[in-house]
Amino acid sequence: MGILDRYVVGDRQRGDDRALREHLARALEDAGGWLRRLCADAARRELPPARLQQLAEITRRADELGGVAEDLAHARSGCWGLRTDGEALAEDERRLSLVLQFDDAMEADVDGLVRAVGAVVDAAAPPAADLGAALAMLDERLATLHQRLRQREELLRNPERVGWPEHTPPTGRPPKE
């Protein structure tokens, strides 16, 4: 494969990665919308102060979801300079391949976060269940996703430092080939 062909393939891979990240970001934005609607509906009713405080906490998490969605949608995919050195180009290809695998594996994290949002919505519905436990699970999922985004950025800078996928994928499932 010639150098130009390799750039075309790399550009296509970056486009695939961008589409995947945008899909995941939309899922996060939708989940944040569920939380905002929950709060808007609840705010219309007369609620005790403790419940209003919980709504404020839910709104904060909805805003955080929006920020994570934005970060994910606009995350770098890796950008190649004009390289003629085959070894450097191969390293760029390897990094891009790792980022694609990483983003694919991150889909499980986003799915888990969406399920956690659903649990918050369910727990907040009358009769109110243990909303605190549902919010704690959502916080855990948000923290995991923040960590994944930091790992992703490090993967672009220095794949050896992250040690993925050679050691353990972020979700524990094998990378796609």
Does the range 49-62 contain at least one residue that is open to solvent by less than 60 Å² (accessible area, probe 1.4 Å), under 26 Å from residue 154 (Cβ atoms) and part of a helix (DSSP H, G or I)? yes
Looking at this structure, is residue 31 modelled with pLDDT of 85 or more and assigned to a helix (DSSP H, G or I)? yes
Only one of 100, 145 that is in contact with a helix residue (DSSP H, G or I) (Cβ under 7 Å, 6 or more places away or on another chain), under 19 Å from residue 76 (Cα atoms), of a type in the set (A, V, I, L, M) and modelled with pLDDT under 85: 100
Residues (in contact (Cβ under 8 Å) with a residue 40 or more places away in the chain, open to solvent by less than 50 Å² (accessible area, probe 1.4 Å) and under 25 Å from residue 18 (Cα atoms)) located in the range 108-150: 108, 109, 110, 113, 114, 117, 142, 145, 148, 149
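The values are calculated or read from the model by the stated rules, or taken from the named source; none is laboratory data. For clarity, every value in this text was computed on a predicted model and none was experimentally measured. When we count neighbours, we look across all protein chains shown, and the Cβ atoms used for this are built from the backbone with ideal geometry, even at glycine. The protein model used for the area step is the full one, side chains on, heavy atoms only, and it has no ligands, DNA or RNA in it. Shrake-Rupley method; radii C 1.70, N 1.55, O 1.52, S 1.80 Å.
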